[in-house]
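Data first, discussion second: the structure below is written as structure tokens.
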Amino acid sequence: MGRRATSIAIACLLAISTAATGAFAQKSGGLLRVTHRDNPPSASIHEEATISTDMPFMAVFNNLVVFEYGARQNRLEQIAPDLATSWALSNEDRTLTFQLRDGVKWHDGKPFTSADVKCTWDTVTGKVDGKMRKNPHKTWWFNIKEITVNGPREVVFHLKEPQPSLLVMLAGGFSPVYPCHVTAAQMRTAPIGTGPFKFAEFKQNESIKLVRNPDYWKPGRPYLDGIEYTIIPNRSTAILAQQAGKFDLSLTGEIPPELVKEIQAAVPEMQCLVQPSNTQGNLLVNRERPPFDDARVRRAMALAIDRKAFSDILSRGVYNIGGAMLAPPEGLWGWSPEYMAAIPGYGADVEKSREEGRKIMRELGYGPDKMMPLKVSTRNVASYRDASVILIDHLKTVFIQAELEPLDSSVWYARLLKKDYSVGMNVQGTGIDDPDVMFFENYLCGSERNYTSYCNPELEKLFHQQSQMKDQDARRKIVWEIDRRLQEDGARPVVFQSQGGTCWWPQVKGLKLAVNSIYNHWRFEDVWLDR
């Protein structure tokens, strides 16, 4: 045997040995204990747009496809099979055909078929009335013309135009397949999926419990016996309880960077990761409600914002500054620093911007002796409240006297959907780092998640143009232009791009996080405990 052949043989033996060792390393059993910050608005992922629902309930479901677990970034090149075993494009990329996995059962024992896929997307596209109370991601699916089935194991997505990002959206945590035979009302309170864990219990203000699915279609998974989330609204209390060993894992992205440093100083063995969450603080101004229907008032408010101060106060400079798309290098579509420097409102001379804002407000009859009163509404969660306090301080610089109105999560989202607010400080997540998700969800005329009612039909033509492009570099140029115009229009000014910490004890094994979204890796089928 030659040296090359010998080397190959040794390498193969080492690979087999390593694989065998890895296979035996995982331990089965144990309950993963996780902190949670508040009551999820419901258990129905398709009806919500918050990590509060996505993280605890993603493990109940499967998608057609998923982002490869362990890949550093969520991106088109990192998509793997899930309920679909394969897929193919045809008809000039306007037809996407999926072959589906055989032998999969819903948690109630009924078989999974192509009809479930069709039902799910007929519902979320609005083609049928699925009795959902909310449909926050409906605009993701703007390009789906029709869905057909060919027997129980093939489903076909017929598209109006080519759209490379459709697979990316199907891979996200907000895109599970739902069962045809289960009502929307049940999915909100006791969801049924095909995933590695089954829903067990949801007690308001107390806990969410999942148990191992013994009939999971993936052999040997999951390793855990169950997952229990305990709702602790006070962030300091949750951190102290985890440090005391009562919890294994924190709610993802929930711990500010400075607190992460304190945790690691107090408990060096605790493992923590601070990274972009693909959530952003943005100023919401209801342009349908006077006096905020006046573009001058909205501009004055935007000019009061000191983005660097937000980052310095909230994170000691860790938070990124950027537009709608997540900043590089973690983000795939955000502006370069050179491009951003030339955009109004992103320069270093904040006082110059504020003086322009004061001039506008004086022309409207306001001044230091006559401040404009308003309420800044926000979600009653620490990260939202902290940002709101800073915003209120900044608004004083342009003669606006604001007071804080904190709202419980369910009330907050209901008020936003009904446009029942004047000014809000939002910390909004984007489930997937892709322009189609960002632009169509948040800025499309009439979108459920377009909380400020911004509408620009001319700009929407560019939304569609970039969506169809295969050349990523050419697409990025148009995306940057769209993002610039959104910020200049004050559509919903981006104040900061969050980075948050996730902490876990060393006994938690197999946990992998992506750098450009917190929303897509909570299946927990590969996580195990080594207590």
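Bear in mind that the values in this text are calculations on the coordinates, not laboratory data. As the structure is a computational prediction, the values presented were derived from the model and not from experiment. Cβ placement follows ideal geometry from the backbone for every residue including glycine, while neighbour counts extend to all protein chains displayed.
Expressed as a whole percent, how much of the Cα-Cα distance distribution for region 276-499 exceeds 27 Å?
Tail fraction, whole percent: 29.
Give the residue list of trypsin sites (Lys or Arg not before Pro) in region 97-173 that are DSSP loop and have at most 12 other beta-carbon atoms within 10 angstrom.
Of the trypsin sites (Lys or Arg not before Pro), the ones in loops of region 97-173 whose Cβ has at most 12 other Cβ atoms within 10 Å are K131.
Do you know the relative contact order of region 224-313, to the nearest whole percent, from alpha carbon pairs under 8 angstrom that are 6+ apart?
13
Test of understanding: given the chain, find the longest segment containing no GluC sites (Glu not before Pro) that are in a DSSP loop and have at most 14 other Cβ atoms within 10 Å.
Here the longest segment lacking exposed loop sites spans 289-531.
Using alpha-carbon pairs under 8 Å, 6+ residues apart, how would you state the relative contact order of region 276-499 in percent?
36
Tell me, what HN-Hα J-couplings in whole Hz come from the Karplus equation 6.51 cos²θ - 1.76 cosθ + 1.60 at θ = phi - 60° for each residue of region 237-242, using x for Gly and Pro?
4, 4, 5, 5, 5, 5
In straight Cα distance, which lysines are under 25 Å from K418, not counting same-chain residues fewer than 8 positions off?
K127, K131, K134, K138, K375
Just flag the trypsin sites (Lys or Arg not before Pro) in region 368-433 sitting in loop per DSSP whose Cβ has no more than 11 other Cβ atoms within 10 Å.
K418
Antiparallel versus total DSSP beta bridges in region 276-499: what percent is that, nearest 5?
Restricted to region 276-499, the bridges split so that about 55 percent are antiparallel.
How about K308: which lysines have a C-alpha closer than 16 Å to its C-alpha, ignoring those fewer than 8 places off in the same chain?
K308 reaches K352.
Per residue of region 196-209, what does 6.51 cos²θ - 1.76 cosθ + 1.60 with θ = phi - 60° give for ³J(HN,Hα)? Whole Hz please, x for Gly and Pro, Karplus curve as stated.
x, 10, 9, 5, 10, 6, 9, 9, 4, 6, 10, 7, 10, 10
Once you keep just the Cα pairs under 8 angstrom separated by 6 or more residues, what percentage relative contact order results for the chain?
23
Hey, rough spin-label estimate for A309 and Q271, points 7 angstrom out along Cα→Cβ, what's it come to in nanometres?
4.0
Among DSSP beta bridges lying fully in the chain, give the percent that are antiparallel, nearest 5.
Counting only bridges with both partners in the chain, antiparallel ones make up about 75 percent.
In Å and from the alpha-carbon atoms only, list the Rg and Dmax of the chain.
Using the Cα atoms of the chain, the pair Rg, Dmax is 24.0, 92 Å.
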